[in-house]
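*Asks:* Dropping the structure in here first, questions after.
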There are 2 protein chains.
Amino acid sequence: MKQSLGAKTLIYPTPVLVVGSYHAAGRPNVMTAAWGGIACSKPPCVSVSLRAATATHGNIIARKAFTISLPSGAQAAAADYFGLVSGRDADKFAATGLTPVAAEFVDAPCVAEFPLVVECEVVQVHELGLHTQFIGEIKDVKIDEDCLDADGHIDVGKLDPIAHAFEAGGYFALGALIGPALSIGKAFIAKVSS
Amino acid sequence: MKQSLGAKTLIYPTPVLVVGSYHAAGRPNVMTAAWGGIACSKPPCVSVSLRAATATHGNIIARKAFTISLPSGAQAAAADYFGLVSGRDADKFAATGLTPVAAEFVDAPCVAEFPLVVECEVVQVHELGLHTQFIGEIKDVKIDEDCLDADGHIDVGKLDPIAHAFEAGGYFALGALIGPALSIGKAFIAKVSS
């Protein structure tokens, strides 16, 4: 039996997107957003939605670029802090001891210590209401070499990505592997054919 | 030291969005998508990106509505199957033994057995390239009563949402709670003030 919760923003999980941008004077800033994800395969694009009141919103409008740095579990507290205060009032890199590094292909900074960074150029901007949705074409993805295995594949255990679960406690590590995508569902195809 | 992986669609984690829609003749269909998430708080909106080649894309264009049903871990194989075959060729509900149920507020079906369903009315459509991004205003969210605790709060352990991690093995359960959002970062505010 289902119960209505009303018209709420509940999708599980949401990502922990640390969005990097430059202030007008060139000072690097980061903020954490949960509203976004991959939006297109060709060209590869991400979406991230921000309120117009945020410093990052204005920064991205001005420079048409942003990065997304993904924290590992041990960096969750820093990522949480990035969502608690405005870059207008604080130097968030200084406060956390983390290091801004310029992206290679776009006009935005990323977090050097975070294991995966995505460099994005703004290609579309959509006004949805309280949030503006930025579509960023992915120009490059960079990963810490120690998150790759001997064959150059991503080792998710070493990457240790985190997920956000609203109204359910906060940040979570990924847990047990359930099974491979585009594979564990084949049992149902066999069932139909037999 | 970071290594470039090129311009790829890598964000961790991605959600497992089972998108419900009606075919022209009224037959219910579902497909699984990973490109999407929450897009706006007011009005509450989700985004989901689909290739024009999918049956679901045409269904949503025609009816201006879709649902998102979120599977629990035990339902991951069915969700995976929903992404493996086209609704043009198969009755995916019959193949999995799952039950379509009409949404209350929008013209689309959802999966009765999945613990959380989100009813969406299309408010914007964005052509991004290979994928079309549908913005759906959330009209209602429904949850299985046995996923709520005695106080009516979501029990994430009972909900058992799953995450998708591309190039990292497939579907994952949520693991250990790292800490509460908008809370564990406060340590850095104290550090600055002291």
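*Asks:* Can you name every residue in the stretch B:108-138 that is charged (D, E, K, R), within 30 Å of A:F134 (Cβ to Cβ) and open to solvent by less than 70 Å² (accessible area, probe 1.4 Å)? Outline the logic, then answer.
*Replies:* If we filter the stretch B:108-138 for residues that are charged (D, E, K, R), which is where we start, we get B:113, B:119, B:121, B:127, B:137.
The next check asks that each one be within 30 Å of A:F134 (Cβ to Cβ); those that pass are B:119, B:121, B:127, B:137.
If the condition is that a residue be charged (D, E, K, R), within 30 Å of A:F134 (Cβ to Cβ) and open to solvent by less than 70 Å² (accessible area, probe 1.4 Å), then B:E119, B:E137 are the ones that fit.
*Asks:* So which of B:S86, B:S41 ends up being in contact with a helix residue (DSSP H, G or I) (Cβ under 6 Å, 6 or more places away or on another chain) and surrounded by fewer than 18 Cβ atoms within 10 Å (Cβ to Cβ)? Let's see the steps before the verdict.
*Replies:* Working: B:S41 fails: in contact with a helix residue (DSSP H, G or I) (Cβ under 6 Å, 6 or more places away or on another chain).
So the residue among B:S86, B:S41 that is in contact with a helix residue (DSSP H, G or I) (Cβ under 6 Å, 6 or more places away or on another chain) and surrounded by fewer than 18 Cβ atoms within 10 Å (Cβ to Cβ) is B:S86.
*Asks:* In the stretch A:165-188, which residues are assigned to a loop (DSSP other than H, G, I, E, B) and either open to solvent by 30 Å² or more (accessible area, probe 1.4 Å) or more than 20 Å from A:L10 (Cα to Cα) (or both)? Steps first, please.
*Replies:* Of the residues in the stretch A:165-188, the ones assigned to a loop (DSSP other than H, G, I, E, B) are A:166-169, A:180-185.
Passing the criteria: A:F166, A:E167, A:G169, A:P180, A:A181, A:L182, A:S183, A:I184, A:G185.
*Asks:* Then there's this: Of everything in the stretch B:160-169, what is within 7 Å of chain A (Cβ to nearest Cβ) and touching a residue at least 60 places away in the same chain (Cβ under 8 Å)? Give them in sequence order.
*Replies:* Here is the first cut: in the stretch B:160-169, the residues within 7 Å of chain A (Cβ to nearest Cβ) are B:161-165, B:167-169.
If the condition is that a residue be within 7 Å of chain A (Cβ to nearest Cβ) and touching a residue at least 60 places away in the same chain (Cβ under 8 Å), then B:P161, B:I162, B:A163, B:H164, B:A165, B:E167, B:A168 are the ones that fit.
*Asks:* Right, here's the next one. Have a look at B:V106, B:V101, B:V118, B:V85 and point out the one that is at negative phi, within 16 Å of the chain's Cα centre (by Cα) and among the β-branched types (V, I, T). Quick ask: steps written out before the conclusion?
*Replies:* Numbers: B:V106 fails: within 16 Å of the chain's Cα centre (by Cα); B:V101 fails: within 16 Å of the chain's Cα centre (by Cα); B:V85 fails: within 16 Å of the chain's Cα centre (by Cα).
None of the others qualify; the one that does is B:V118.
*Asks:* Can you say whether A:G129 is over 25 Å from B:A79 (Cβ atoms), more than 7 Å from chain B (Cβ to nearest Cβ), assigned to a loop (DSSP other than H, G, I, E, B) and in contact with a strand residue (DSSP E or B) (Cβ under 9 Å, 6 or more places away or on another chain), as far as the supplied structure shows?
*Replies:* On the way: over 25 Å from B:A79 (Cβ atoms): yes; more than 7 Å from chain B (Cβ to nearest Cβ): no; assigned to a loop (DSSP other than H, G, I, E, B): yes; in contact with a strand residue (DSSP E or B) (Cβ under 9 Å, 6 or more places away or on another chain): yes.
Considered against the rule, which asks whether it is over 25 Å from B:A79 (Cβ atoms), more than 7 Å from chain B (Cβ to nearest Cβ), assigned to a loop (DSSP other than H, G, I, E, B) and in contact with a strand residue (DSSP E or B) (Cβ under 9 Å, 6 or more places away or on another chain), A:G129 comes out as no.
*Asks:* Based on what the data block shows, is A:A94 among the hydrophobic types (A, V, I, L, M, F, W, C) and either more than 9 Å from chain B (Cβ to nearest Cβ) or in contact with a Ser or Thr (Cβ under 7 Å, 6 or more places away or on another chain) (or both)? Steps first, answer last, please.
*Replies:* Details: among the hydrophobic types (A, V, I, L, M, F, W, C): yes; either more than 9 Å from chain B (Cβ to nearest Cβ) or in contact with a Ser or Thr (Cβ under 7 Å, 6 or more places away or on another chain) (or both): no.
No, not satisfied.
*Asks:* Could you grab me the full set of residues in the stretch A:139-154 that are crowded, with 18+ Cβ neighbours inside 10 Å and modelled with pLDDT of 95 or more?
*Replies:* Residues of the stretch A:139-154 crowded, with 18+ Cβ neighbours inside 10 Å: A:139-144, A:147, A:154.
Result: A:K139, A:D140, A:V141, A:K142, A:I143, A:D144, A:C147.
*Asks:* Can you confirm whether the stretch B:155-164 contains a residue that is of a type in the set (K, R) and open to solvent by less than 60 Å² (accessible area, probe 1.4 Å)?
*Replies:* Start the filter on the stretch B:155-164 by keeping residues that are of a type in the set (K, R), which leaves B:158.
Pick out the ones that are also open to solvent by less than 60 Å² (accessible area, probe 1.4 Å) and you get none.
Looking for residues that are of a type in the set (K, R) and open to solvent by less than 60 Å² (accessible area, probe 1.4 Å), one finds none in the stretch B:155-164, hence no.
The values are calculated or read from the model by the stated rules, or taken from the named source; none is laboratory data. In this text the structure is predicted, and so the values were computed from the model without any measurement. Note that each Cβ is placed from the backbone with ideal geometry, even for glycine, and that neighbours are counted across all protein chains shown. Areas reflect the complete protein model, heavy atoms only, side chains present, ligands, DNA and RNA absent. Shrake-Rupley method; radii C 1.70, N 1.55, O 1.52, S 1.80 Å.
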